[in-house]
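**Student:** To start, I am sharing the structure in question, which I have written as C-alpha cells.
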Amino acid sequence: MTSARIEHLVTSGVFELDGGSWEVDNNVWIIGDDTEAVVIDAAHDAPAIAAAVGSRRLTAIVCTHAHNDHIDAAPALAELTGAPVLLHPDDLPLWKQTHPHREPDGPLAAGARIEAAGVALTVLHTPGHSPGAVCLYAPELGALFSGDTLFRGGPGATGRSYSDFPTIIDSLRDRLLTLPGSTVVHTGHGESTTIGAEAPHLAEWIARGH
C-alpha cells in the first residue's frame, strides 16, 4: 500500500510558438508523500509550485515535452529546490527556444523509471505533439500523466512546428490504448479522463489517421 498521492496545481501564462501567442492554463502535477515528491510540468510560476511542494524533498522536475508553457518555470524551480530537470533529448530544439543558455539536467528515455515516494513512474515515449513528448505511467496509482499527448476528447494538437499527426496516432494506438481502461489520464490542460472513456474517440482518430 503506497502513501503516495497526486496533487494538482493550475498555473496561468502564455504559450508561444511559430510566432503566435495564446493565454493558457496549465496543469502541474505533484506526485509524492509527506517527505518527497516529483513535479510533472513546471509551468509559469516557480514560486507557486515550490510553495505547493513545501518542505518536501523534490527529486525531479519532469517535462512531458518542451513547449514553453510546460517548461518556462523549470529552471527557476530547479534553482529553488535543487531538483534536476529531466527532458527527452528529441525535444532539445524546442527547449532551446525558451532556455537557450540552460540545458536540462538529465535525459528521459522510454522505459526509464522515476521513483516518487515508493511509486514508479514509467516513461512512455509518445511522439507526435512534439518529437520528445512523453507520458508517465504509474500503475500503482492507476494513473497516466499525458502532457499534451492525450486530452478528454482526443489527441493533442499537431498543427504546428515539430508535430506530426500520423506519429501521435501511432503513439496513442501502440502505447496508450494498451493500458487498462480504468487508468485515469491526468492531462496537461483541462479535465482528467480515463483510457476507457477515450478509447471510442481514439478508435475514430486512429481510423482517420491511417
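The values are calculated or read from the model by the stated rules, or taken from the named source; none is laboratory data. Remember, predicted model here, so these are calculated numbers, not experimental data. Counting neighbours? That spans all protein chains shown, and the Cβs are built from the backbone with ideal geometry, glycine included.
**Student:** Please give the number of the condition Pro104 fails out of (1) outside any helix (DSSP H, G or I); (2) out of contact with any Gly (no Cβ under 8 Å at 6 or more places or on another chain); (3) surrounded by fewer than 22 Cβ atoms within 10 Å (Cβ to Cβ).
**Tutor:** Result: Pro104 fails condition (3) only.
**Student:** Among all residue pairs at least 6 apart or on different chains, which show Cβ distances below 6 Å where the first residue, located in the range 85-101, is over 18 Å from Asp18 (Cβ atoms) and the second is part of a helix (DSSP H, G or I) and among the aliphatic types (A, V, I, L, M)?
**Tutor:** Note: pairs meeting the criteria are Val85/Ala74; Val85/Ala78.
**Student:** Can you find, within the range 107-127, the residue that is surrounded by the fewest Cβ atoms within 10 Å (Cβ to Cβ) among those that are out of contact with any strand residue (DSSP E or B) (no Cβ under 6 Å at 6 or more places or on another chain), modelled with pLDDT of 95 or more and not in a strand (DSSP E or B)?
**Tutor:** Gly111
**Student:** Among the residues of the range 156-210, how many are of a type in the set (Ser, Thr, Tyr) and part of a helix (DSSP H, G or I)?
**Tutor:** Selection size over the range 156-210: 2.
**Student:** Tell me the helices (runs of 4 or more DSSP H) entirely within the range 1-92 that contain at least 1 residues that are within 25 Å of Pro131 (Cα to Cα) and under 13 Å from the mean Cα position of the chain (by Cα).
**Tutor:** 68-71, 74-81
**Student:** Assess whether Leu144 counts as being aliphatic (A, V, I, L, M), in contact (Cβ under 8 Å) with a residue 60 or more places away in the chain and in a strand (DSSP E or B).
**Tutor:** When the stated conditions are applied, Leu144 does not pass them.
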